[in-house]
Amino acid sequence: MKEGFRQSMAWLHTWSGLLVGWVLFLVFAGGTSAYFREEISLWMKPELHAATAAGPVDAAQAAALALRHLQDQAAGSPRWSIDLPSEREPLLRTGWTVPQPAAAASAPRAAGERQRRARFASATLDPATGQPAAAARETRGGDFFYRLHFDLHYMSAIWGRWIVGFCAMFMLVAIVSGIVTHKRIFKDFFTFRPKKGQRSWLDAHNATAVLALPYHLMITYTGLVTLMFLYMPWGQEAVYKDDRATYIAEVFPSSSGFTNQRPAGVAAPLAPVAGLMREASAAWQGAPVSRIVVSNPGDATARVTLYRYEGGKLSSNQSSMTFDGTNGKLLGRAGEDIAPASETRGVLYGLHIGRFAHPLLRWLFFASGIAGCVMVATGLLLWSVKERQKYAKALAKGGRVGFGLRLVDGLNVGAVAGLPLAMAVFFWANRLVPVGIAERQATEIACFFWAWGLAAVAGLAWPARRMWQAQLALGGLLFALLPLLNPLTGGMGLATSLPAGEWRVAGFDLTVLALGAGLLAAAWTVGKRKPAAKPRAAAAKAEAQGLAPEPRLEAAGAGQ
């Protein structure tokens with residue numbers, strides 16, 4: 001503290017951001033793409049592009065068609081679910097629990113043996129006809145990036161969430177300490193001095209940080225809140241102990257306790273669902289139904305739960321109404337009289353996932369997420385640029401740069417340039433991997449990690465300007481060519497999707513085209529930078545080590 005409080009905060013800001021910056025870049029990139037995970041999933045299933053171009057259909061009619069399909073395909077299932085079409089999800093989604101064989105269900109379990117998890121099946125239907133949509137290829141789609149940004153991959157989800165939470169806490173510390181450090185935080189927003197070396201990188205870091213500062217604070221803090229019961233379970237354990245049913249009912253009020261009924265073994269037809277939907281919509285002041293869950297279908301204890309379409313509601317807590325499935329009598333309502341603490345959590349969680357956002361606000365969130373990626377990337381590069389200045393005299397005398405600087409340079413290449421390249425490879429793998437192969441989803445994901453791993457190894461081996469240029473250019477080219485690959489592999493190209501008004505597909509193509517152009521522009525900027533004159537011996541030494549010949553490679557944080 002001898003240097004003063006502000007200087008101490010500058011030190012804290014630097015190291016809290018640097019130590020976890022590469023993980024944070026992954027979290028920001030994956031989380032930002034998740035704002036459009038439905039659109040990404042649709043693009044990655046070209047077999048469904050034509051079906052989604054149809055106009056809207058009546059929700060009650062679609063629900064009746066879905067129930068007819070479930071009666072034919074899942075008559076013995078204890079639970080059905082129907083996701084009705086919406087603006088972002090135009091198809092009819094059905095799911096059901098696969099019934100266990102009677103022998104397996106009644107078999108005694110050994111002491112300590114866990115109950116077997118239920119298996120689920122699903123089908124996608126045309127909402128106009130109720131017929132199964134064209135068989136789509138197996139893919140995780142946008143859900144892969146969504147889960148990646150908080151579960152990571154190839155490890156236990158619990159461990160992944162602990163790692164991401166640890167990094168998010170560092171991020172929160174970096175944001176707060178960065179605010180304290182900047183004397184001219186609002187003036188920095190309007191300041192950018194290009195071609196000024198380290199000063200340009202600092203201006204870019206400050207501008208992207210201040211531009212979306214409310215978003216950065218919100219998304220980091222609410223990200224921690226979404227998993228607060230994992231990180232701080234002691235209050236829950238002290239209050240609820242082993243009473244999990246009460247805990248779920250109070251903390252997650254959208255859940256209903258009326259569905260926990262054992263089958264009576266007495267057959268009974270299901271009441272018409274159209275009347276139940278009208279009653280629920282009237283009770284919700286005209287809000288439509290988004291989801292239907294049927295428990296014990298075909299049994300005298302059947303229950304039908306209708307979930308409200310919340311639309312622009314900020315809170316993630318969802319209202320529901322549960323009816324007797326045989327006579328249509330209303331049994332209860334949930335998610336309406338919510339305790340303040342639960343509603344606070346619902347609002348914070350809703351802010352994080354952004355499902356309330358209309359298209360313009362969702363694009364603003366997406367742009368803020370991109371700004372977060374740039375903020376993290378420029379922060380990592382700025383440390384390299386500043387650190388390299390310390391070795392200028394040593395290189396001039398034939399010395400070597402430190403291991404830490406070379407390691408950070410390599411990790412910067414692998415994360416900042418390699419991750420976008422791997423994401424582009426993931427989309428290409430979706431279209432080029434044969435449709436009928438086994439474990440197709442895992443193969444697409446393996447292509448992503450192989451591409452990212454190779455990019456990281458190459459960056460660590462040669463963290464040079466040309467490596468930055470190559471990876472940025474390759475990633476940009478792969479992104480920019482995706483709109484051409486789309487129609488060539490069975491999808492709806494821009495020439496078709498734009499006239500048809502199919503913005504879910506066209507928006508993806510235009511977005512990746514813009515991302516590709518941005519990466520290609522960055523590669524061109526890196527390539528045109530010329531190192532400043534300096535002693536020949538130092539230049540030769542830097543070239544031999546694959547490092548910047550002098551700190552002016554600041555355009556990429558690594559050298560010629």
Pairwise FRET efficiency - LEU364 versus ALA500, Cβ, R0 = 30 Å, nearest 0.05: 0.70
C-alpha long axis of helix 157-181 to longest principal axis of the chain, angle in °: 50 degrees
Theoretical FRET efficiency, 1/(1+(r/R0)^6), r = Cβ-Cβ of TRP11 and SER122, R0 45 Å, to 0.05: 0.30
Degrees, to the nearest 10: 59-73 long Cα axis against longest axis of the chain: 80 degrees
Ratio Rg/Rh, restricted to region 404-512 and using Cα atoms, in which Rh is the Kirkwood radius: 1.07
Per-residue HN-Hα couplings for region 36-53 [Karplus 6.51, -1.76, 1.60; θ = phi - 60°; Hz; x = Gly/Pro]: 10, 5, 5, 5, 5, 4, 5, 4, 7, 10, x, 5, 9, 4, 5, 5, 6, 6
Computed over the chain: relative contact order in percent, which uses C-alpha pairs under 8 Å that are six or more apart: 17 percent
Calculated FRET efficiency for the pair LYS390/ILE353, C-beta based, R₀ 41 Å, to 0.05: 0.40
Residues whose placed amide H lies under 5 Å from that of VAL289, excluding near-sequence neighbours: TYR309
Integer Hz, Karplus 6.51/-1.76/1.60 couplings in order for region 12-26, x for Gly and Pro: 5, 4, 4, 7, 5, x, 6, 5, 10, x, 5, 5, 4, 4, 4
Positive-end residue, the chain charge dipole about Cα centroid, Cβ charges, pick of ALA371, THR525, ILE163: THR525
Full-extension gain in nm, LEU454 to MET232, via 0.36 nm per residue minus C-alpha separation: 76.2 nm
Where GluC sites (Glu not before Pro) in DSSP loops with at most 16 other Cβ within 10 Å are excluded, longest remaining stretch of the chain: 114-335
Region 14-77 - percent of accessible surface contributed by carbon and sulfur, probe 1.4 Å: 57 percent
The chain, helix-only ellipticity at 222 nm - DSSP H runs n ≥ 4, -39,500 (n - 2.57), divided by all residues, nearest 500: -18000 deg cm²/dmol
Long-range amide H partners of LEU331 with built H, under 5 Å: THR322, PHE323, ASP324
C-alpha long axis of helix 403-412 to longest principal axis of the chain, angle in °: 50 degrees
Virtual spin-label span in nm between LEU314 and LEU481, 7 Å along Cα→Cβ: 4.7 nm
Around GLY490: net Lys/Arg minus Asp/Glu count, Cβ-Cβ under 9 Å: 0
At most 12 other Cβ within 10 Å, DSSP loop - chymotrypsin sites (Phe, Trp or Tyr not before Pro), region 302-361: none
Hz values of 3J(HN,Hα) by residue in region 441-456 - Karplus curve (6.51, -1.76, 1.60), Gly and Pro given as x: 4, 5, 5, 4, 5, 4, 4, 4, 6, 5, 5, 5, x, 5, 5, 5
Extended-chain gain in nm, criterion 0.36 nm per residue less alpha-carbon gap, ASP58 and ALA157: 31.7 nm
Identified option (computed Kirkwood radius over Cα pairs in Å; candidates (1) 26.5; (2) 23.6; (3) 24.3): (1)
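The values are calculated or read from the model by the stated rules, or taken from the named source; none is laboratory data. If you're wondering where the values come from, they're calculated on a predicted model, not measured in any experiment. As a convention, Cβ positions derive from the backbone with ideal geometry for all residues, glycine included, and neighbour counts pool all protein chains shown. SASA here: full protein model, heavy atoms, side chains in, ligands and nucleic acids out. Shrake-Rupley method; radii C 1.70, N 1.55, O 1.52, S 1.80 Å.
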